[in-house]
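Below is one structure; the comments refer to it alone.
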Amino acid sequence: MSEDISSGYDVIIMGGGPAGSTLGALLAKRTGLRIALFDKEVFPREHIGESFAHPLVPVLAETGVLPKVLASDCWVKKFGGVFNWDANDPKVTFFDHANVLEDGVYRWSMHVDRAEFDHILLDHAAELGVEVFQGTSVRELEPRPDGCVVTLKDGRTVRGRYFVDASGRRNSIAAKQKRQWLSGYRNIAIWQHFLHGEPTQSLPGDWNVFREENLSPIGCFAFPDGWCWYIPVRKLVDGERKLTHSIGIVTNPEVLKQPGKDFTDQATFLRTVHEVPLLKDLIGAVEPIADKMLTATNYSMINDRFADYDERWILVGDAAYFVDPLFSSGVAFSTTQAVAVAMLLERTLSGELSEQAERDLWRDYDEGWHGMAETFALSIDQWYHAIGKNNPDSIYWQSRGTGDDTVLDIQERTFDALLNTAFTPDLLQLMTQGTRLTADLDREGPFVRTAERAEPGVLEPDTPLTLAEGASVRLGVGMDVPGFKAFVPPPPFELPTELKQAIARYWEDPMGDGGALPGPLDAPVPCHRFFLAERPDVSEVRGLDRDGAAELWHLLSAGPVTVGQLDEKLTVPQRQLLKRLVRAQIVRVGEQSA
């Protein structure tokens, strides 16, 4: 831990969790920038979020911390999940399930003791050159034209060129805005760690694809008042390493007011989880490691802005948004977002881009990650809708009125994102019982309803399409925010053989010589930005060159063309881009430009 605080840094990071430490490590590894990281806690410290999704692993490898994590004794290898929402009909999924079935190579992540895991990541950032100050709170941010001034709790001030808020969901001093709900469901999580639990992969039944090879999944088990998680965690208990299981209940806070359902009371909690189907078969002999239950509330929330180019601040991780613990996405999202911020700051501080290109990248970060958050949240709410519909006595069906689209902050950017983003593949695998077709989703669910609203309407083959008056385009660079691309065709579909082989080699040994897993955030990508001259900021639609944006503009510029004439020339990505242009009224339907 650093002792002396300098008067100035290139980047100041508030928060030393996975997002902040990953960002610091990447910047220190790639650049000669001076980086300070402040965290109000002294590590190790406890934290919720002990089970991860597999996109985390390539990020850990990229920062160089993966060997240190794997050499520790704080983790258990994770291969997917068991989801028991309907009585006697559990669903399972491997990570990247369809490709695992094809190539036989397991994608994996980990369950961890967050106190130790986060400490490893923070120490790694310090070893790479980040000046880390623990037990040091940030009180205020003052943006200035040439940078910012950060005031610490003890009154000291520090100057920086850019400020990153990675402090978690409870604090966002940069944005100074009220956080909005990201889900139509208001949940509370209540949990503790227990000894003597049996592994989820030991459950009997032909459905259990994890049992034969003893592959550890997360266990998620529904009951009338919500659902329970069940996560193996290797913790130090009274100074001795032991395998515990984190057992948590996720429910609506209103349930806790009902007689006999205050799950924050440990006796009530234990009585309840011992009645949950399948889970009860794993926890018959469990003993808590502490008497007090832990809680987290109001976590499915999002800030309206994630970045401000002129004020030089960025939000990353839970400070920007958090969706839901259901699909173990939080830390994977946070660290992948940190990769995006590292590229953004590196390119901005290098001076190699024009001011317009820098602004474009900052806008792409803000809008792209909002789209990722909002569409993923809608897919999770689609899942909760399905739980409720299949279980009429469930709290999720009784409270479905709060899950209406009007509760969410549905904006034009959300509709634009839905036209460019697909339903989460592994969640789709579960909800469609393996068909992976969005047509098999409940049409009344929040994701489907909102996606249908995003569609620009039925475009008949003989409908003419023309560019609107003032429609224009400019070439530039953009940030390709990773996501679940809407233009991936439904199964069966094929990735290029060479790419599939490279991905399989990577997952066989992420630290070996198989090369890095291909990722979209290493550098800006060429793009075309479509807009209307009288309102360029409002109507801008970005299309990546690799998806055929330039070719689509050429076809539209050639003159009026019918939907049928155009459609036969377009790829799937170009069709999606066309829908977005129609929705933005950059392309007119059934009329010619003046």
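Filtering region 271-314 down to residues that are assigned to a loop (DSSP other than H, G, I, E, B) and among the charged types (D, E, K, R), which residue is surrounded by the most Cβ atoms within 10 Å (Cβ to Cβ)? Don't jump to the end; show me each part of the working.
Here is the first cut: in region 271-314, the ones assigned to a loop (DSSP other than H, G, I, E, B) are 274-278, 282-286, 289-293, 298-300, 303-306, 309-312.
Pick out the ones that are also among the charged types (D, E, K, R) and you get 275, 291-292, 304-305, 310-312.
Details: E275: 10, D291: 7, K292: 9, D304: 13, R305: 17, D310: 9, E311: 18, R312: 24.
Selected residue: R312.
Take the conditions of a type in the set (D, E, K, R) and at positive phi and apply them to K153. Does it pass? Quick ask: steps written out before the conclusion?
Numbers: of a type in the set (D, E, K, R): yes; at positive phi: no.
Considered against the rule, which asks whether it is of a type in the set (D, E, K, R) and at positive phi, K153 comes out as no.
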Inset, instruction - Please enumerate the residues belonging to region 190-227 that are closer than 13 Å to G81 by Cα and hydrophobic (A, V, I, L, M, F, W, C). - result: L203, W207, V209, F210, L215, I218, C220, F221
Legend entry - Matching residues, region 27-52, being crowded, with 24+ Cβ neighbours inside 10 Å and in contact with a Phe, Trp or Tyr (Cβ under 8 Å, 6 or more places away or on another chain): I35, L37, F38, D39, S51
Legend entry - Pair list, Cβ under 7 Å, 6 or more apart: region 240-269 residue on the phi > 0 side of the Ramachandran plot, other residue hydroxyl-bearing (S, T, Y) and modelled with pLDDT of 95 or more: G260/T268
Inset, instruction - Could you list, in sequence order, all residues of region 93-109 that are within 20 Å of M431 (Cα to Cα) and either of a type in the set (A, V, I, L, M, F, W, C) or touching a Pro at 6+ places or on another chain (Cβ under 8 Å) (or both)? - result: F94, F95, D96, H97, A98, V100, L101
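Here is a check on your reading of the model: is A290 out of contact with any Asp or Glu (no Cβ under 7 Å at 6 or more places or on another chain) and at pLDDT 95 or above?
For A290, the condition - out of contact with any Asp or Glu (no Cβ under 7 Å at 6 or more places or on another chain) and at pLDDT 95 or above - is met.
Do the conditions hold for L437, that is, is it at pLDDT below 90, touching a Gly at 6+ places or on another chain (Cβ under 9 Å), within 26 Å of W227 (Cβ to Cβ) and of a type in the set (A, V, I, L, M, F, W, C)?
On the way: at pLDDT below 90: yes; touching a Gly at 6+ places or on another chain (Cβ under 9 Å): no; within 26 Å of W227 (Cβ to Cβ): yes; of a type in the set (A, V, I, L, M, F, W, C): yes.
It is false that L437 is at pLDDT below 90, touching a Gly at 6+ places or on another chain (Cβ under 9 Å), within 26 Å of W227 (Cβ to Cβ) and of a type in the set (A, V, I, L, M, F, W, C).
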Inset, instruction - Please go through region 521-539 and pick out each residue that is within 18 Å of D366 (Cβ to Cβ), under 27 Å from the mean Cα position of the chain (by Cα) and touching a residue at least 12 places away in the same chain (Cβ under 8 Å). - result: L521, P524, V525, C527, R529, S539
Inset, instruction - Give region 185-214 a look and list any residue that's basic (K, R) and either touching a Cys at 6+ places or on another chain (Cβ under 9 Å) or under 25 Å from S394 (Cβ atoms) (or both), or say none. - result: R186
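Across region 519-571, what is the total count of residues that are among the aromatic types (F, W, Y) and either out of contact with any strand residue (DSSP E or B) (no Cβ under 6 Å at 6 or more places or on another chain) or not in a helix (DSSP H, G or I) (or both)?
Pass one, region 519-571, residues among the aromatic types (F, W, Y): 530-531, 553.
Then drop every residue that is not either out of contact with any strand residue (DSSP E or B) (no Cβ under 6 Å at 6 or more places or on another chain) or not in a helix (DSSP H, G or I) (or both), which leaves 530-531.
Qualifying residue count for the region: 2.
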Legend entry - Hits in region 188-208 - residues which are surrounded by 17 or more Cβ atoms within 10 Å (Cβ to Cβ) and in contact with a Pro (Cβ under 9 Å, 6 or more places away or on another chain): I188, A189, Q192, H193, F194, G197, P199, T200, Q201, L203, N208
Legend entry - Subset of region 436-462 [surrounded by 14 or more Cβ atoms within 10 Å (Cβ to Cβ) and outside any helix (DSSP H, G or I)]: R436, L441, D442, G445, E455, P456, L459
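Scanning for something under 13 Å from G184 (Cβ atoms) and in contact (Cβ under 8 Å) with a residue 12 or more places away in the chain, does region 351-360 turn up at least one residue? If you could, list the steps in order and put the result at the bottom.
Within region 351-360, the subset under 13 Å from G184 (Cβ atoms) is none.
No: region 351-360 contains no residue that is under 13 Å from G184 (Cβ atoms) and in contact (Cβ under 8 Å) with a residue 12 or more places away in the chain.
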Legend entry - Selection within region 8-57 - more than 22 Å from R144 (Cα to Cα) and part of a strand (DSSP E or B): D39, S51
Inset, instruction - Sort out which residues of region 58-69 are among the aliphatic types (A, V, I, L, M) and surrounded by fewer than 23 Cβ atoms within 10 Å (Cβ to Cβ), and write them in order of number. - result: A61, L66, V69
Legend entry - Sole exception among (1) of a type outside the set (S, T, N, Q); (2) touching a strand residue (DSSP E or B) at 6+ places or on another chain (Cβ under 9 Å); (3) surrounded by fewer than 24 Cβ atoms within 10 Å (Cβ to Cβ); (4) not in a helix (DSSP H, G or I) for A357, by number: (4)
Inset, instruction - Answer yes or no as to whether S72 is hydroxyl-bearing (S, T, Y) and crowded, with 21+ Cβ neighbours inside 10 Å. - result: no
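Let me confirm something: among A373, A357, A377, which residue is small (G, A, S), modelled with pLDDT of 85 or more and over 30 Å from D10 (Cβ atoms)? Break it down stepwise before answering.
Details: A373 fails: over 30 Å from D10 (Cβ atoms); A357 fails: over 30 Å from D10 (Cβ atoms).
After ruling out the rest, the residue left standing is A377.
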Legend entry - Residue ID - farthest from the chain's Cα centre (by Cα), chosen from residues in region 422-435 that are more than 18 Å from G388 (Cβ to Cβ) and assigned to a helix (DSSP H, G or I): Q429
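The values are calculated or read from the model by the stated rules, or taken from the named source; none is laboratory data. If you're wondering where the values come from, they're calculated on a predicted model, not measured in any experiment. No Cβ is skipped: glycine too gets one built from the backbone with ideal geometry, and neighbour counts run over all protein chains shown.
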